[in-house]
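Worksheet: one structure, shown below.
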Amino acid sequence: MTKIVLTIGGSDPFAGGGIQTDLKTFSDHQTFGMSVLTSIVTFSGNCLSVHLVDKEVFAAQLKSIQDVSFAAIKIGLIANPVFIPLIKEFLRGRPDIPVVLDPVLAFKEGDLKLKKAVVAGMQTDLAPFVTIITPNLVEAETLLNKKITTLAEMQAAVTTLQKAFNTAVLLKGGSRLAGEDAVDILSLSHGELRHFTTKKINTQSINGAGCSLSSAIAARLSENAELDEAVKKAKNYVYQSIQKGIMVTKEFGSVYYERNIK
């Protein structure tokens, strides 16, 4: 029976990240994706703008799908702390469903107070319901308020985050650390560390890799996969998606997994 997976997050017009990538990833994993929008992201030049959905509209979306039996939930860009209590109540009624929290922290310059409120809400209100969080290095630096520049610092950071959120954490090093390898570290709920290492790919088609990874993990968990196995297979999927990525403009491209249907 086809599993139904929900994504809660923002819309990306380039379909490189956000709910567009989430839904595409769910489909690639033969699960049926549904979505609840928190925001619509736009780009003008190098300026990113996040246009929030009204609280009432957000609440109405959650109410609309109240009776759907989800096999997993992925949470991406929340953007507004007023959404967090609503998400919390939605998750409270589904205590046995795996939840992947990708702490996307996209805010306008100067929105520090808003960002802090979202971070605090994720840690206090959402973390108790979450199976795994999947920050990249920049997001982890924001969550911990410290720089991460070495593998040793990355190992310390993922351990600290695991204890702070009291759940499993996948810290994505990606291409940000020096060296030829891209390293991600999974800290399981009991503190054990698992390292996932791949060769860096010299390409511009990486937009959406983080969203795709967290969504792929959610899709795998919906099929009752073990967490470390879900992460391993999700990383392999994203690695292939980067290799097969598509150029959207002359400047950048997005991940793309070409699945042939016969």
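The values are calculated or read from the model by the stated rules, or taken from the named source; none is laboratory data. If you're wondering where the values come from, they're calculated on a predicted model, not measured in any experiment. Cβ: placed from backbone, ideal geometry, glycine included. Neighbour counts: every protein chain shown. The area values use the complete protein model at the heavy-atom level, side chains included, leaving out ligands, DNA and RNA. Shrake-Rupley method; radii C 1.70, N 1.55, O 1.52, S 1.80 Å.
The table below gives the values:
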| quantity | calculated |
| --- | --- |
| Neighbours by Cβ (under 6 Å, 6+ apart or cross-chain): first from the stretch 200-222, over 17 Å from residue 6 (Cβ atoms); second in a helix (DSSP H, G or I) and of a type in the set (Ser, Thr, Tyr) | 208/21 |
| Members of the stretch 189-205 found to be of a type in the set (A, V, I, L, M, F, W, C) and buried (at least 17 other Cβ atoms within 10 Å of the Cβ), listed by number | 196 |
| Looking only at the stretch 1-50, and only at residues there that are over 18 Å from residue 213 (Cβ atoms), aliphatic (A, V, I, L, M) and touching a residue at least 12 places away in the same chain (Cβ under 8 Å), the one that is surrounded by the fewest Cβ atoms within 10 Å (Cβ to Cβ) | 48 |
| When residues of the stretch 74-111 are limited to those that are assigned to a helix (DSSP H, G or I) and under 28 Å from residue 226 (Cβ atoms), the one farthest from the chain's Cα centre (by Cα) | 92 |
| Residues located in the stretch 156-188, provided they are open to solvent by less than 60 Å² (accessible area, probe 1.4 Å), part of a helix (DSSP H, G or I) and either closer than 24 Å to residue 237 by Cα or not small (Gly, Ala, Ser) (or both) | 158, 159, 161, 162, 165 |
| Some residue of the stretch 86-94 being open to solvent by 20 Å² or more (accessible area, probe 1.4 Å), acidic (Asp, Glu) and either in contact (Cβ under 8 Å) with a residue 12 or more places away in the chain or farther than 25 Å from residue 207 by Cβ (or both) | yes |
| Matching residues in the stretch 112-138 - criterion: being touching a residue at least 40 places away in the same chain (Cβ under 8 Å), among the hydroxyl-bearing types (Ser, Thr, Tyr) and either out of contact with any Asp or Glu (no Cβ under 7 Å at 6 or more places or on another chain) or part of a helix (DSSP H, G or I) (or both) | 131 |
